[in-house]
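The values are calculated or read from the model by the stated rules, or taken from the named source; none is laboratory data. On a predicted model such as this, the values are computed, not experimentally measured, just so you know. With ideal geometry, Cβ positions are generated from the backbone for all residues, glycine too; neighbour counts draw on all protein chains shown.
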Amino acid sequence: MSGWQWVKLVGNFLNLSTVAGAAVGVIGRASFSRGPRGLVFANGYKLRFPVAGAFTIGNVVLSKHPRSYFDNPALVRHEERHSWQYFWLIGLPMLPFYGVAVVISFLLTGDPASRNLFERLADLKEGGYVERPIQPIGKTVTQAFTGLRSRPKGP
């Protein structure tokens, strides 16, 4: 690890974001392993929320997938950028800011990532996202309600 990665590792521990990430991993019954660049991988995450291939809290990268999912260096770089975002935003304040960015992106594009500032700064493509164009808000609202009506009803 570089000196700056050590600074991020310690900073995200002190701002409690990595501690929160570890707690979420424990609650989600994930298996922990050491990753590169001061990251900790929490694989086999069992909870249904959030819906993502991987998500980062502090220096903990959580995923429902096996450890081999992180054999993709671009994905690891993307998730490490998120860990830096926690560092610069002094930890857990990142979560509500990220939530606002999801809403803005969804309203603009119908997609939670395309115009999400945090995903764009982490590199959309390296995170496996496709950039969708900005569309009229009416189309976004129609898509949202059509999606809700087309979901199968549970038992």
Residue list for the stretch 36-56, restricted to those being in contact (Cβ under 8 Å) with a residue 40 or more places away in the chain and surrounded by fewer than 19 Cβ atoms within 10 Å (Cβ to Cβ): Pro36, Arg37, Gly53
The stretch 73-94, subset out of contact with any Asp or Glu (no Cβ under 7 Å at 6 or more places or on another chain) and loosely packed, with under 14 Cβ neighbours inside 10 Å, residue farthest from Gly38 (Cα to Cα): Pro93
Residue in the stretch 52-93 that is modelled with the lowest pLDDT, counting only those that are in a loop (DSSP other than H, G, I, E, B) and under 14 Å from Glu119 (Cβ atoms): Ala52
Residue list for the stretch 114-138, restricted to those being over 9 Å from His78 (Cβ atoms), of a type in the set (A, V, I, L, M, F, W, C) and in a loop (DSSP other than H, G, I, E, B): Val130, Ile134
Every residue from the stretch 11-51 that is part of a loop (DSSP other than H, G, I, E, B) and polar (S, T, N, Q): Asn15
Checklist (1) in a helix (DSSP H, G or I); (2) buried (at least 18 other Cβ atoms within 10 Å of the Cβ) applied to Trp4, failing item: (2)
